[in-house]
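Asks: Got a structure here, written out as structure tokens. Questions coming.
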Amino acid sequence: MAIKYTRLGGLIYATMGLYLLAFLVSVLARAMKSPRTTSEPPGDRGVDPPPDVPPGSSTVGRAGRINPVAVFAHVLYAAGFVLAVVTYIDRAIEVNNVPLQNLFEAFLAMMVLIWPISMICRRFFAVRGEMWDMLIGAGLCVMPGFIRDADISPARPALQTALFVPHVLAYMIATVLMIKATIQAIGVLVYGDTSPGANLASRETATYRMVCISFPPLTAGLILGCIWAKYAWSDFWSWDPKEQWSLSTWMTFVAYFHMRYMFGRKHPKLNAAVAITCMVVILLTLFWANLSAAFKGIHSYA
């Protein structure tokens, strides 16, 4: 673990600072919220959305008043996203390629993805939790900022394909979505299957929605990987350790969907636990199977 005294390092730390400051300001906004304008249960009120959110959300109180501190938190959050984009572009110029070649660059991509995914989930899926997304954004900066080296990976022949970017990006999108699903699932275990606010999905439903929308990119990543392997190594599947772990991750999702289909919301905490298990398997694949010497194979690029 080392601090990076470079322009790229400075951009990463500035992005982390904005995401973290947005989180702290949102905590302050929650603390300042008047009881009479708060309909959510304690512990998961989330961040007030910006002024364009329709009445009934927590930014606009019952008297129609906007919480300026919450709005400021969102401004900081958006500024963090803009700086994350600048950071990613700076890295792309440095490597003269799409920066997705290793874990350092993959986490740079997830730093960018967290804000748009957060906004899409709020607007189209009634899933909130922007405050935790801000903290997640800051946490995603830790890997490229302190843990992984910024060394430029050599251009490997197997990576020179048009399938490379969509394959890796699909997995990064699925991972960020599953981080949000995990936050919702933890809420189910702590607070039960209740709604965190008006016009919002219950925590168990929110978890299910996040897992559902993360499954297509996860599946796309797996299928694109198989097609890529056919072009690179003349076989769709070679039972490489990374391939096996990717398949295990996909099958864990299938197990979750099967249980949810069989029992619905009858066992919300069990559903939440299996959703968290899906995230655990993703982390095992991303870090252990990807980095451990025990899983050396043809996919060891990170």
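We did not get these values from a lab; they are worked out from the coordinates using the rules stated. On a predicted model such as this, the values are computed, not experimentally measured, just so you know. Here the Cβ is made from the backbone with ideal geometry for all residues, glycine too, and neighbour counts use every protein chain on show.
Asks: Extending each Cα 7 Å along its Cβ direction at F124 and V190, get the distance between those two points in nm, one decimal.
Replies: In this crude spin-label approximation the distance works out to 2.8 nm.
Asks: What does the charge count around G10 come to, taking other residues whose C-beta lies under 13 Å from its C-beta (Lys +1, Arg +1, Asp -1, Glu -1)?
Replies: Details: positive: K4, R7, R91; negative: D90.
Net charge in that neighbourhood comes out at +2.
Asks: Once fully extended, how much extra length lies between I93 and W237, figured as 0.36 nm per residue of separation less the alpha-carbon to alpha-carbon distance?
Replies: Working: separation 144, 0.36 × 144 = 51.84 nm, distance 3.38 nm.
Gain in length upon complete extension: 48.5 nm.
Asks: Could you give me the radius of gyration and the Dmax of region 141-260, taking only the C-alpha atoms into account and expressing both in angstrom?
Replies: Both quantities, over Cα of region 141-260: 17.7, 53 Å.
Asks: Starting with the fewest neighbours, write out K33, K180, K266, K230 ranked by other beta-carbon atoms found within 10 Å of each beta-carbon. Please list the in-between numbers first.
Replies: Values: K33 18, K180 28, K266 8, K230 13.
If I rank by nearby Cβ atoms, fewest first, I get K266, K230, K33, K180.
Asks: Any idea how far apart K230 and W288 come out in nm if each label point goes 7 Å out from Cα toward Cβ?
Replies: Each label point is offset 7 Å from its Cα along the Cβ direction, giving 3.2 nm.
Asks: Sorted from fewest to most neighbouring beta carbons within 10 Å, what does the list H258, H167, H267 look like?
Replies: Details: H258 11, H167 21, H267 16.
If I rank by nearby Cβ atoms, fewest first, I get H258, H267, H167.
Asks: Among the listed pairs K4/K33; K180/K266; K242/K266, which have their C-alpha atoms separated by more than 30 angstrom in this model? Kindly include the intermediate steps, with their values, before the conclusion.
Replies: Details: K4/K33 39 Å; K180/K266 22 Å; K242/K266 35 Å.
Violating the 30 Å limit, Cα to Cα: K4/K33; K242/K266.
Asks: Then there's this: Taking other Cβ within 10 Å of each residue's Cβ, how do R30, R65, R203 sort, fewest first?
Replies: R65, R30, R203
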